[in-house]
Amino acid sequence: MLEVRNLQVSVEGKAILRGIDLAVNAGEVHAIMGPNGSGKSTLAQVLAGRESFTVTGGGVRYLSRDLLAMAPEERAREGVFLAFQYPVEVPGVSNVYLLKAAINSLRKHRGLPELDAIEFLGLVREKMTLMDMADEMIYRSVNEGFSGGEKKRNEILQMAVLEPKLAILDETDSGLDIDALKVVARGINALRSAERAIILVTHYQRILNYVAPDFVHVLSQGRIVRSGPRELALELEQRGYGWLEEAAPTSPLGASAK
Amino acid sequence: MTSTDRILADFIRAAPLLPGAGVAWLTRARQAGLERFAQTGFPTPRDEEWKYTSVASIEKRSFTPLPNGAHAAPPELNALAFPHFPGHCVVFVNGRYSPALSAVGLLPPGVALESVADTLERAPDALEPLFAADNRETVFGALNTAFMADGLYLYLPRATTIEEPIHLYFVVTNKNAAIHPRNVIVAEEGARATVVEHYAGTHGVAYLTNAVTRIFAGEQAAVDHYKLQQEALQAFHVAGIHATQDRGSRLWSHSISLGAEIARNDISTTFDAEGCEATLNGLYLARGRQHVDHHTRIDHAKPGGTSREYYRGLLDGASRGVFNGKVIVHPQAQRTDARQLNHNLLLSKDAEVDTKPQLEIYADDVKCTHGATVGQLDDAQLLYLRSRGVDEAVARSLLVYAFARDVIERIRVGALRSRLEEMLLARLPQGERVRALA
């Protein structure tokens with residue numbers, strides 16, 4: 001489904017991703033772990049279409065198309081979803097507006113009729129129940145004045161409503177208490193299916209106790225330095241990231257875990 | 001002939017024809033207004049208060065006063081498509097009251113809701129104290145006193161409430177006309193009313209509207225005032241709205257500016273007794289080469305006053321916006337609570353805005369804040385919406401809509417609020433798509 005080949009990305013002239021290779025197939029859950037500054041979020045945002053990053057080499061194919069050539073909205077319509085690490089507040093645009101605009105643009109793209117008001121609200125309410133969210137939340141401005149946990153839940157709500165083919169979750173677990181983490185994990189697991197792929201970008205292995213990954217990749221200084229099964233995450237939990245960075249053969253500076 | 005000479009000549013010609021020509025106090029007031037104008041002439045950018053707004057194009061256009069108004073053919077009026085607002089409707093065509101087009105419903109006893117020109121015929125003395133010179137007025141205000149021909153006189157006796165909004169419709173169809181509307185609103189103790197001033201003109205016609213509205217709010221009175229400026233795009237609009245508030249009174253002022261080539265608004269209120277409240281809201285939308293200027297002034301002259309000011313501007317094309325918000329907390333105005341915010345959104349690289357909050361605080365026990373921003377659409381918000389599948393063009397329109405709606409939502413006249421939402425959507429490139437989300 002997703003094939004990242006030797007992807008190199010710089011931000012304001014500074015190389016952040018220095019040759020990422022990653023293949024994700026339908027039905028798989030991949031965890032991308034790594035210390036702060038390793039490039040995890042840059043990878044997630046590049047896949048969603050953030051334009052302030054410059055791709056300096058390599059490429060990304062998604063469902064046999066050049067993902068990087070697609071506008072962010074086009075990626076979304078083709079089934080890519082990014083749960084933002086820092087969900088953006090959009091004052092004056094209510095959640096219900098955004099969800100309606102989003103779902104109808106996706107449906108239109110797929111040649112489906114737009115949902116009528118009753119179908120739409122029915123769908124949103126069902127997903128809100130899954131996410132333990134109060135009804136009034138959908139009439140509030142997108143993320144405005146939301147607590148950290150509410151913002152993350154709201155991301156997963158959007159994901160649940162939009163039912164993407166490829167979901168990329170950028171540190172969705174950070175800053176969540178254990179109850180909120182369970183709710184978010186429930187939302188993610190509800191989406192798991194043989195047709196979908198999920199990429200979990202995370203700093204900690206904690207969420208992986210609730211969403212079991214098929215593969216774990218460790219990112220360090222812009223490269224994937226180790227890939228392995230779920231157990232790799234547990235090892236990281238015990239040993240930290242330092243040992244991998246030291247082991248990274250092409251790392252010019254050695255360990256620099258912050 | 002200088003512009004001042006021309007105005008003097010206009011006055012000599014028009015004065016005998018103006019309403020109240022035989023009323024001694026008014027004649028004196030008109031002459032005083034004219035003299036004040038003659039002393040300085042039109043303001044220039046050297047005047048601090050007119051630094052960013054040049055009225056040179058008004059000065060050189062020789063707009064001519066129409067002391068008796070002018071006939072307007074029905075097609076011209078129909079073209080302006082009067083909105084049908086519930087409530088009382090008072091129409092002024094080319095500056096003069098049109099009984100045929102107006103519709104005033106039943107009113108509580110003792111209320112006066114009439115044309116100023118009629119009052120000047122019938123009982124001119126009632127108006128004398130209400131026309132006293134006001135040092136908050138600009139030189140355009142002085143010109144208005146000299147040339148004013150008509151407007152609304154609204155008098156609300158003690159504890160009277162007019163529930164339905166009073167809708168004033170000022171329509172200009174005459175090319176090169178100078179229209180000087182004068183409105184006077186008096187709310188005695190505990191009285192309440194809502195007045196909407198709506199300005200419009202025939203598409204493609206250049207003219208000058210130079211309006212003055214005076215509001216006197218008695219103890220515990222509540223006045224909601226709205227001005228919807230939708231003049232023809234070739235027209236010039238200058239307006240002074242000056243309120244004086246007594247103990248515990250409340251003023252809500254809203255200035256919505258959409259039309260005119262140049263629009264200048266001077267909006268002020270003075271808290272003359274304790275415990276007054278004022279909310280000054282505004283929204284200005286400009287594009288092309290439009291220029292829109294709001295100068296506001298709140299005088300906290302007595303203790304315990306609360307003022308809230310909330311202005312937003314949306315500037316596109318090569319338009320220019322000016323916001324100057326003065327809040328003066330006088331020495332005895334302890335326990336003043338004043339907040340002011342002005343946000344501007346620039347939609348093109350040629351649009352410009354000058355925003356200047358001016359707080360002058362001479363008391364110590366006060367809570368005053370202000371903030372002003374000038375910015376473009378937020379890239380992070382745009383990406384967020386797009387990453388959910390929303391077209392870039394729709395995302396832009398949605399964000400612009402949200403920005404302006406923040407002020408529109410504060411309008412408490414439902415019909416006006418809906419109309420403005422519609423007008424806003426009609427201006428947006430993807431307005432239809434945004435409307436479908438509601």
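The values are calculated or read from the model by the stated rules, or taken from the named source; none is laboratory data. Just so you know, these numbers come straight off a predicted model, no measurement behind them. Every residue, glycine among them, receives a Cβ derived from its backbone with ideal geometry; neighbour counts consider all protein chains shown. For the accessible areas, the whole protein counts, side chains as well, though only heavy atoms, and no ligand, DNA or RNA atoms are used. Shrake-Rupley method; radii C 1.70, N 1.55, O 1.52, S 1.80 Å.
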| Formal net charge of residues neighbouring residue A:233 (Cβ-Cβ distance under 12 Å; K, R +1; D, E -1) | 0
| Shape call for region A:46-159 from the C-alpha gyration tensor, a ≥ b ≥ c root eigenvalues: rounded (a/c under 1.5), prolate (a/b greater than b/c) or oblate? | oblate
| task | Could you calculate, for chain A, the ratio of the Cα radius of gyration to the Kirkwood radius, expressed as Rg to Rh? | result | 0.97
| Estimated [θ] at 222 nm from DSSP helical runs (n ≥ 4, -39500 (n - 2.57)) normalised by residues in the protein assembly as shown, nearest 500 | -8000 deg cm²/dmol
| request: Report, to the nearest whole %, how much of the accessible area of chain A belongs to carbon and sulfur atoms, 1.4 Å probe, protein only. | output: 49 percent
| remark: Computed for region B:378-438: size of charge dipole around the Cα centre, +1 on C-beta of each Lys and Arg, -1 on C-beta of each Asp and Glu, debye to nearest 20, value 240 debye
| query | Which of the helices in chain A, when you take each full DSSP H run, stretch at least 15 Å along the axis at their Cα atoms and have an average Kyte-Doolittle score of -1.0 or higher? | reply | A:95-109, A:117-130, A:148-162, A:178-191
| note | Summing +1 per Lys or Arg and -1 per Asp or Glu among the other residues with Cβ less than 12 Å from residue B:145's Cβ gives +2
| note | For the pair B and A, the solvent-accessible area buried on both sides (1.4 Å probe; DNA, RNA and ligands excluded), in Å² to the nearest hundred, is 2200 Å²
| Around residue B:11: net Lys/Arg minus Asp/Glu count, Cβ-Cβ under 15 Å | +2
| field | Proximal aspartates and glutamates relative to residue B:302, as straight alpha-carbon distance under 15 Å, when same-chain residues fewer than 8 apart are discounted | value | B:219, B:246, B:272, B:274, B:277, B:337, B:360, B:364, B:365
| request: Could you pull out every one of the lysines with an alpha carbon less than 22 Å from that of residue A:40, ignoring same-chain neighbours closer than 8 positions? | output: A:14, A:151, A:152, A:165, A:258
| query | When only DSSP loop residues count, what GluC sites (Glu not before Pro) in region B:137-218 have their Cβ near at most 11 other Cβ atoms within 10 Å? | reply | B:163
| said: Give me the residues in region A:67-82 whose solvent-accessible area, probe 1.4 Å, is reduced by at least 20 Å² once all protein chains are included instead of the chain isolated. | reply: A:72, A:73, A:76, A:77
| note | With a ≥ b ≥ c from the Cα gyration tensor eigenvalues, square-rooted, and the rule rounded for a/c under 1.5, otherwise prolate when a/b > b/c and oblate otherwise, region B:3-273 is rounded
| query | Give me the Kirkwood hydrodynamic radius of the protein assembly as shown in Å, from all C-alpha pairs, to one decimal place? | reply | 28.7 Å
| field | Burial of 10 Å² or greater, region A:96-122 residues [accessible area, probe 1.4 Å, versus chain by itself] | value | A:97, A:98, A:100, A:101, A:102, A:105, A:108
| Positive-pole candidate from B:43, B:92, B:240, dipole of region B:3-273, charges at beta carbon | B:43
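Ignoring ligands, DNA and RNA, please state the percent of accessible area on chain B from carbon and sulfur, probe 1.4 Å.
It is 50 percent, rounded to a whole number.
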| field | Å² per residue, accessible surface of chain A at 1.4 Å | value | 42 Å²
| task | Take every DSSP beta bridge whose two residues both sit in region B:3-273, then give the antiparallel share in percent to the nearest 5. | result | 10 percent
| task | Under a cut-off of 16 Å between alpha-carbon atoms, report the lysines in cross-link reach of residue B:326, not counting same-chain residues fewer than 8 places apart. | result | B:51, B:356, B:367
| query | Taking N as the number of residues in region B:378-438, what is its Cα Rg relative to 2.2 N^0.38 Å? | reply | 1.16
| message | What does the extension gain come out to for residue B:78 and residue B:370, with contour length at 0.36 nm per residue minus their alpha carbon separation? | response | 100.8 nm
